[in-house]
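J.: Can you keep this structure in mind? I'll have questions shortly.
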Amino acid sequence: SYVALLDASGAVQPYNAGLAFDSQVFDIATTDTAVYLGTGGHLPAGNSVYATAVGTGAQRWQVKTDGNVQTVEAQGGDVYAGGHFNNACLPPSDAVTRCLVDFSARKTLTVDGGAGAARPFASFNSAFGVWDLTTAGGNLYALGEFTTVNGTSRPGIARFPMP
């Protein structure tokens, strides 16, 4: 299902995230309790951030966007997502094959890792968006094709101190 679980010897283990044929997995982030996927493709399965159960891949929640989710990073109890999207979509019952706008995301959003509730994070000004998120030294770094973040000049890289 477009993502696999490998054991220490490299053998494929059962794992099914339930992704559809038109989904591409662009990035994976893990914690002790979940595997988070950033996907592209088309709604209803692509263009999303997923939380899946460690070991089985069973979906815990999905947050849809109107473009590819190219990167995910877990920090504390939150999941940060970046990509080529402008909006977060309403919950699945309201946005099946197209995005009915929940809120403006402007290339990033934050999701509560447990409940799956999404909220805006920062506003980036480019068409291509955020290509990578990583944490180091108590900071979250965003890398991509952008020149401003929240209206401030930040060409290609931005740092956000984490609480």
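J.: Out of segment 39-49, which residues are closer than 18 Å to Phe103 by Cα and either part of a strand (DSSP E or B) or at pLDDT 95 or above (or both)?
T.: Within segment 39-49, the first condition is being closer than 18 Å to Phe103 by Cα, and the residues that meet it are 43-44, 47-49.
Once the filter is applied, which keeps residues that are closer than 18 Å to Phe103 by Cα and either part of a strand (DSSP E or B) or at pLDDT 95 or above (or both), segment 39-49 yields Ser48, Val49.
J.: Among the residues in segment 114-131, are any in contact with a Gly (Cβ under 9 Å, 6 or more places away or on another chain) and of a type in the set (Ser, Thr, Tyr)?
T.: yes
J.: Something else now. Residues of segment 8-39 being within 14 Å of Tyr80 (Cα to Cα) and among the hydroxyl-bearing types (Ser, Thr, Tyr), which ones?
T.: Listed by number, the residues that qualify are Thr30, Thr31, Tyr36, Thr39.
J.: In this structure, is Ala51 over 12 Å from the mean Cα position of the chain (by Cα) and either surrounded by fewer than 24 Cβ atoms within 10 Å (Cβ to Cβ) or not basic (Lys, Arg) (or both)? Talk me through it step by step, then tell me what you get.
T.: Working: over 12 Å from the mean Cα position of the chain (by Cα): no; either surrounded by fewer than 24 Cβ atoms within 10 Å (Cβ to Cβ) or not basic (Lys, Arg) (or both): yes.
No, not satisfied.
J.: Next question, about the same structure. Among the residues in segment 108-130, are any outside any strand (DSSP E or B), touching a Pro at 6+ places or on another chain (Cβ under 7 Å) and open to solvent by 20 Å² or more (accessible area, probe 1.4 Å)? Even if it seems obvious, please write down each step before you answer.
T.: Here is the first cut: in segment 108-130, the residues outside any strand (DSSP E or B) are 113-117, 121-123, 125-128.
When the remaining residues are screened for being touching a Pro at 6+ places or on another chain (Cβ under 7 Å), the result is none.
No, segment 108-130 has no match at all.
J.: OK, next. Out of the residues in segment 16-48 that are among the hydroxyl-bearing types (Ser, Thr, Tyr) and open to solvent by less than 30 Å² (accessible area, probe 1.4 Å), which is nearest to Thr108 (Cα to Cα)? Give the steps one after another, and end with the answer.
T.: So in segment 16-48, the residues among the hydroxyl-bearing types (Ser, Thr, Tyr) come out as 23, 30-31, 33, 36, 39, 48.
Next cut, open to solvent by less than 30 Å² (accessible area, probe 1.4 Å) only: 23, 36, 39, 48.
Values: Ser23: 19, Tyr36: 15, Thr39: 14, Ser48: 12 Å.
Looking at residues that are among the hydroxyl-bearing types (Ser, Thr, Tyr) and open to solvent by less than 30 Å² (accessible area, probe 1.4 Å), I get Ser48.
The values are calculated or read from the model by the stated rules, or taken from the named source; none is laboratory data. Owing to the predicted nature of the structure, the values given are computational and were not obtained by experimental measurement. All Cβ positions, even for glycine, are placed from backbone atoms using ideal geometry, and neighbour counts span all protein chains on display. For accessibility, only protein heavy atoms count, side chains too; no ligands or nucleic acids. Shrake-Rupley method; radii C 1.70, N 1.55, O 1.52, S 1.80 Å.
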